[in-house]
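Student: Sending over a structure as structure tokens; questions will come in a sec.
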Amino acid sequence: MPSREVVAQVFGDEEAWLVGGAVRDELLGRRVFDLDVSCHEPERAARALRARAGNAVFPLNERFGAWRVLLDDGTIVDFSPLRGDSIEADLAQRDFAANAVAVPVEGGDYVDPFDGRTDIVQRVLRLVSDRAFDDDPLRLLRGVRLEEELGFRLDPEAVAVTRAKAALVTRAAGERILEELRRLGPEGLERLDGLGLLEPLGGRTDPRLRAFDSPWFRLAVTFGENLKRLPIPSDLRRFVDILRRAEAPPDGSPRAIHRLRCETEPYAVEALAYLGRSDLAGAVERARATEPREPLLRGDELGIPPGPEVGRVLELIAEERAAGTISTREEALELVRRSLE
């Protein structure tokens with residue numbers, strides 16, 4: 001972990017600890033991309049690290065006093081204030097014992113007051129405290145994500161507390177909820193449902209969950225219109241609207257596929273999965289691959305005044321071309337003439 005050596009140089013003899021996911025992942029033998037450091041002066045440490053090896057520094061959570069540094073090698077280092085009067089007190093306020101292990105940034109013995117290293121070996125998620133979810137309701141979702149990403153499993157007590165406190169999940173910030181949900185696969189979303197965490201957020205499991213492998217698609221089929229309760233970006237909002245408005249084509253004919261694409265691109269394949277017609281995805285891909293680069297006619301070549309009629313006629317030409325009834329400029333002009341008559 002070369003970045004750890006750079007971080008250690010910032011502190012000298014000052015007390016600072018590597019904590020959380022970085023320690024857990026190192027013990028698991030996983031590659032560590034991000035470092036979490038608990039120290040007494042996060043802002044000072046962050047700015048000092050930026051001066052040594054970083055390309056950006058900014059406050060991560062001003063209320064909490066956390067700072068983030070982006071290093072030149074791509075590593076993210078988060079500095080947070082040491083909670084309590086010791087590292088043991090800090091670890092006692094974390095979520096799961098597997099995340100409550102610390103080691104000095106300069107190296108040394110592990111501090112593991114909750115036997116988290118045993119949990120890491122056994123791949124178990126055991127709560128540090130019954131108040132862990134009260135202190136940060138997002139941990140309800142994080143536990144399920146860690147199950148799916150790392151192959152861990154909530155222990156029976158953690159499962160019971162999760163179910164009992166599932167309603168708290170709505171208290172977490174919307175942006176953080178969305179990020180956790182985005183990282184879940186089908187099994188994770190089904191696990192949320194089994195633990196009673198989907199319903200408070202307005203979601204439910206759906207038979208189409210595995211119809212298309214995409215985080216956006218899974219969110220759309222799981223939450224539908226309720227996804228808009230969260231602060232989703234405009235492109236995701238448009239994606240949800242397109243899927244919910246889509247109508248299944250009557251068949252796989254070039255004309256029907258063209259009409260579908262006009263209403264749903266660039267998400268026509270996702271729309272078919274949403275509609276239960278993935279059997280027509282090949283037709284969409286073929287239409288995309290053979291789509292002409294240039295139109296047969298442009299708006300100023302139609303011989304009609306600017307206005308809505310121009311768009312209607314151009315779409316008529318495009319549809320007939322896709323259907324194979326016309327293929328030349330002359331045929332398009334004849335189509336225009338008949339249409340205007």
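Student: Open to solvent by 20 Å² or more (accessible area, probe 1.4 Å), part of a loop (DSSP other than H, G, I, E, B) and farther than 18 Å from Gly282 by Cα: is that true of Arg204 in this structure?
Tutor: yes
Student: A further question follows. Hey, Val240 hits all of (1) open to solvent by 20 Å² or more (accessible area, probe 1.4 Å); (2) under 30 Å from Glu199 (Cβ atoms); (3) part of a helix (DSSP H, G or I); (4) touching a Gly at 6+ places or on another chain (Cβ under 8 Å) but one; which does it fall short on?
Tutor: (1)
Student: OK, next. Can you list the helices (runs of 4 or more DSSP H) lying wholly within segment 124-194 that have 1 or more residues being closer than 21 Å to Arg204 by Cβ and open to solvent by 20 Å² or more (accessible area, probe 1.4 Å)?
Tutor: Per the criteria, 139-150, 156-164, 174-182, 186-194.
Student: Something else now. Does Ala97 count as surrounded by 14 or more Cβ atoms within 10 Å (Cβ to Cβ), in contact with a Lys or Arg (Cβ under 6 Å, 6 or more places away or on another chain), free of Cβ contacts under 8 Å to residues at least 40 places away in the same chain and within 26 Å of Glu157 (Cα to Cα)?
Tutor: Judged against the criteria, Ala97 is a match.
Student: Shifting gears a bit: All but one of (1) modelled with pLDDT under 90; (2) within 14 Å of Val19 (Cα to Cα); (3) out of contact with any Asp or Glu (no Cβ under 6 Å at 6 or more places or on another chain) hold for Phe64; state the number of the condition that does not hold.
Tutor: All conditions pass for Phe64, except number (2).
Student: Please count how many residues of segment 80-109 are over 19 Å from Val6 (Cα atoms) and among the β-branched types (Val, Ile, Thr).
Tutor: 2
Student: Which of the numbered conditions does Pro215 fail, given that it passes all the others? Conditions: (1) under 16 Å from the mean Cα position of the chain (by Cα); (2) closer than 16 Å to Ala283 by Cβ.
Tutor: The one condition Pro215 does not meet is (2).
The values are calculated or read from the model by the stated rules, or taken from the named source; none is laboratory data. Everything quoted here is computed from the prediction, not taken from an experiment. Note that each Cβ is placed from the backbone with ideal geometry, even for glycine, and that neighbours are counted across all protein chains shown. Only protein heavy atoms, including side chains, enter the accessible area calculation; ligands, DNA and RNA are left aside. Shrake-Rupley method; radii C 1.70, N 1.55, O 1.52, S 1.80 Å.
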